[in-house]
Each structure stands twice: as C-alpha cells, then as structure tokens.
Amino acid sequence: MDNKGKFIVFEGIDGSGKSTQIKFLADKLKEAKIAYEITAEPSEGPVGVMIRQILTGERKMDNRVIAALFAADRLDHILNEEHGLLNKIENGTTVICDRYYFSSYAYNGVDMPMEWVIAANSQSSRLLKPTVNVFIDLDPDVALERIARNRQRTELFEKKSRLEKVRENYFEVFEKMQDETVIIIDGNQAPEMMAEEIWQKIKGYLC
Ligand code: TYD
C-alpha cells in the first residue's frame, strides 16, 4: 500500500483563476480527510524571494537569468531538507502547487529556446512528477480583462502578445510530453462548476 502524498499542480496563464480553484480543491480534500498543504512557485525560499523582487521591479535581471533562477528555485523547493516537497510527499502529505515546471516551459520558453528550458528542468522532472497537472484554459483577452478589473496598471498590448505565446507554448509541451498527466479545463465556466469538473476528473488520483 502506497502511503505517499499526491502532487497536484495547477497551471494556466495569469488571470486564469488558479488561486480560486486551489481553494475549492483544498475544501474538497478537507472534506475527504486527506492531509494536504498548499504551496506555490516561485517558492518562499531564498531564490524564490529573489525572483519575486525581480517580478515587482525591485531588482533588474535579464530574462535568461530569470529562466535559470526559476529552475534553481524549483530544485530547492523539491529538495530543501526542512520544507522540501519530496519530504512532505514521502511523509504522506498531499501537496497542491500553484505552478511548476510547465510554467517554466510556457513562460520562460518565450525568452529561451524551449529545449534549454526542458533541459534546465530535467532534474526536477526526474525527481518529482506531478500526479496530475490541472491546466485552466482561458483566452488571453478574457484573462487580461480580469486582470485589468483587479489591478490598476497593465501594459496591455505587450502582455497580450506575450500571454498568447505562453498559451501556445503550454499546448506545444503538453503535446510533446506524453508521459505527463494533464487535464485541460475550460476556464470560461462559473467557478463552482469548474471546481466540480476538476474534482470529478482528479478524485480518482487522490482517493
Ligand atoms: P504567479 O505567482 O502565479 O503570479 P501572480 O501571483 O502574479 O498571479 O507567477 C508569477 C509569474 O512568474 C507569472 O507571470 C508566471 C511566471 N513564472 C515563470 O515565468 N516561470 C516559472 O517557472 C514560474 C513558476 C512562474
């Protein structure tokens, strides 16, 4: 009998509604009495903190350096002796993670050759593969409208073409990586309906 925790990853472009769905799933796990934790990438470790400073503009770095930092942050998130994912999962905790290596392929694959990004993350994919990747698919136009409603400033045009490329990259790598379990969910549905669809599709992997 396998007493390990499961590893559930949420993916999607910015504004796709991942965080709302993560909360819904957490409620379901609680009801099902499954021990779980929620985490995210960039992580809360030292490399993740540096990445957040870059994302907010507090620190400047070339996009190619940032791509390497995401790969390094992920390895620390997995391997850290105190709060690493491998230890948690080994000890029976199911982990829900907001973004993982498919985010690197999709986002950092815009600035770097995709093959480089895949190679940079090869240790992570060898060490810890998601039990299931839940991809919330939303049109970049709709996602940007949502972001604009919630935030004051957005560089609309630049962001739109970037998000379109990010979405394309997601589909390109889903196609390429046949050994990954990916569930694609229509992000245009009401949040409660989406949560129910996600639960129906993933509960078989959890219980
Ligand atoms: P996220 O925290 O999900 O965004 P927010 O909290 O602003 O909604 O992710 C931060 C950004 O980092 C997001 O635009 C995607 C990007 N990212 C990468 O470029 N590569 C990666 O490997 C990861 C995990 C995220």
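The values are calculated or read from the model by the stated rules, or taken from the named source; none is laboratory data. Quick caveat, the model's predicted, so the values are computed rather than measured. Because the Cβ atoms are built from the backbone with ideal geometry, glycine has one as well, and the counts that use them run over all protein chains shown. Side chains included, ligands, DNA and RNA excluded: accessible areas come from the protein's heavy atoms. Shrake-Rupley method; radii C 1.70, N 1.55, O 1.52, S 1.80 Å.
Scanning residues 5 or more positions from Cys97 or on other chains, those with amide H under 5 Å from its amide H are Ile8, Val9, Phe10, Thr39, with H placed 1.01 Å from N in the peptide plane.
Indicate, rounded to the nearest 5 percent, the antiparallel portion of the DSSP beta bridges found entirely in the chain. So the antiparallel bridges in the chain amount to around 0 percent.
Remark: relative contact order (the range 12-78) = 28 percent; criterion is Cα-Cα distance under 8 angstrom and separation of 6 or more residues.
Solvent-accessible surface of the range 50-183, taken per residue with a 1.4 Å probe and all protein chains present: 54 Å². Computed with a 1.4 Å probe over protein heavy atoms only, the accessible area of Met50 comes to about 60 Å².
Accessible surface of the chain, 1.4 Å probe: 50 percent of it comes from carbon and sulfur atoms. Here the simple spin-label model places points 7 Å from the Cα toward Cβ, and for Glu82 and Lys33 these points are separated by 3.3 nm.
For the chain, the relative contact order is 32 percent, taking Cα pairs closer than 8 Å that sit 6 or more residues apart in sequence and dividing their mean separation by the residue count.
Rounded, prolate or oblate: which one fits the chain, using the alpha carbon gyration tensor with axes a ≥ b ≥ c (rounded when a/c is under 1.5, else prolate when a/b beats b/c, else oblate)? Judged from the Cα gyration tensor, the chain comes out oblate (a/c at least 1.5, b/c at or above a/b). Distance between the pseudo-spin-label points of Tyr205 and Phe171 (7 Å out from Cα toward the beta carbon): 2.1 nm. How much FRET efficiency would the formula 1/(1 + (r/R0)^6) give for Glu197 and Asp141, where r is the Cβ-Cβ distance and R0 is 25 Å, rounded to 0.05? The value I calculate is 0.65.
Working from label points 7 Å from Cα in the Cα-to-Cβ sense, the Glu58 to Arg149 distance is 3.0 nm. Note: relative contact order over the range 108-182, using C-alpha pairs below 8 Å and six or more positions apart, is 47 percent.
Counting heavy atoms of the protein chains alone, Glu164 has an accessible area of about 80 Å² for a 1.4 Å probe.
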